[in-house]
Amino acid sequence: MPDPYDSIPLDFTERPPEEIRERAQSFYEVMAQRRSVRDFSDRSVPRECIAAAIRTAGTAPSGANRQPWQFVAVDDPALKREIREAAEEEEKTTYEERMSDEWREALAPLGTDWRKPFLETAPWLVVCFAKPYDVDEDGSKTTNYYVQESVGIACGMFITALHQMGLATLTHTPAPMGFLNDLLGRPSNERPYILFPVGYPAEDATVPDIDKKSLDEIVQWNR
Ligand code: IYR
């Protein structure tokens, strides 16, 4: 059995209730403005901004603190092109052959198709891999816990970090995503989870006129 961790005092910022209310409202307003962007500008974004968003994602809670994620950030144009070509090849088969009619109908209002120009236009592609198990130097495997939940939370925090710093992204999930292990040289215990193009929106970017459910539709208080 490993020794228990040392206990240290919690570093917590105590705020008066009125300040909590104001911060709650203003952060909601910031986040409500976030949109998934599919039309990117090719303007460059400093590596430090990507690093900061990944560092923020890395603060996420995770099962047994295993931090079962690996991020790969790509700005090499040749590699972005390879990723685009491989993603489009998979997506073309998915859209034309693998999707059920029901799925195709669900996507129709969004107007997405197999073409993914943003994979080359956006200055950065960030791929998050989920690790169902870790492999140590001698090749032995350690199971991770709540991997989907942990990595989902980390990706949510990544998106939040990008949005609040003033950058746009898209949660892109070309299916299947195994080609990302090959192109990025990642081992088989890492499963591609989400591919995020990151950058500035194109000047003429448009987004679908969709609504979010109201609070009443998504919450029940008590029984
Ligand atoms: N992965 C495909 C299809 C797709 C699926 C869902 I569900 C979306 O909300 C959007 C797209 C693609 O990226 O086009």
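Could you list, in sequence order, the residues of the stretch 177-191 that are under 16 Å from the mean Cα position of the chain (by Cα) and away from the ligand (no atom under 16 Å from the Cβ)?
Residue satisfying the conditions is GLU190 alone.
Take the residues in the stretch 60-96 that are more than 20 Å from ARG191 (Cα to Cα) and away from the ligand (no atom under 16 Å from the Cβ); name whichever of them is nearest to the chain's Cα centre (by Cα).
ASP75
I'd like to check something: does the stretch 35-53 contain any residue that is at pLDDT 95 or above, of a type in the set (S, T, N, Q) and part of a helix (DSSP H, G or I)?
Looking for residues that are at pLDDT 95 or above, of a type in the set (S, T, N, Q) and part of a helix (DSSP H, G or I), one finds none in the stretch 35-53, hence no.
Which number in (1) touching an Asp or Glu at 6+ places or on another chain (Cβ under 7 Å); (2) assigned to a helix (DSSP H, G or I) marks the one condition that TRP114 misses?
(2)
Could you list, in sequence order, all residues of the stretch 71-96 that are closer than 18 Å to ALA130 by Cβ and either surrounded by fewer than 18 Cβ atoms within 10 Å (Cβ to Cβ) or modelled with pLDDT under 95 (or both)?
ALA73
Can you tell me which residues in the stretch 117-143 are within 22 Å of ARG191 (Cβ to Cβ), not charged (D, E, K, R) and not in a strand (DSSP E or B)?
LEU119, PRO132, GLY139, SER140
Here's a check for you: in the stretch 178-223, which residue that is under 30 Å from THR143 (Cβ atoms) and among the aromatic types (Phe, Trp, Tyr) is surrounded by the most Cβ atoms within 10 Å (Cβ to Cβ)?
Result: TYR193.
Here is a check on your reading of the model: is GLU88 outside any strand (DSSP E or B) and touching a Phe, Trp or Tyr at 6+ places or on another chain (Cβ under 7 Å)?
yes
Of all the residues that make up the stretch 158-176, how many are in contact with a Cys (Cβ under 8 Å, 6 or more places away or on another chain) and within 16 Å of the ligand (Cβ to nearest atom)?
1
Has the stretch 113-123 got at least one residue that is within 12 Å of the ligand (Cβ to nearest atom) and within 19 Å of ARG47 (Cα to Cα)?
yes
Kindly provide the set of residues from the stretch 23-50 that are without any contact (Cβ under 8 Å) to a residue 12 or more places away in the chain and surrounded by 12 or more Cβ atoms within 10 Å (Cβ to Cβ), ordered by number.
The one that is without any contact (Cβ under 8 Å) to a residue 12 or more places away in the chain and surrounded by 12 or more Cβ atoms within 10 Å (Cβ to Cβ): PHE27.
Can you give me the number of residues within the stretch 97-107 that are more than 8 Å from the ligand (Cβ to nearest atom), surrounded by 11 or more Cβ atoms within 10 Å (Cβ to Cβ) and free of Cβ contacts under 8 Å to residues at least 40 places away in the same chain?
Qualifying residue count for the region: 1.
Just checking, does the stretch 165-173 include any residue being farther than 18 Å from GLN33 by Cα and touching a helix residue (DSSP H, G or I) at 6+ places or on another chain (Cβ under 7 Å)?
no
The values are calculated or read from the model by the stated rules, or taken from the named source; none is laboratory data. None of the values given here were measured: they were computed from a predicted structure. Cβ: placed from backbone, ideal geometry, glycine included. Neighbour counts: every protein chain shown.
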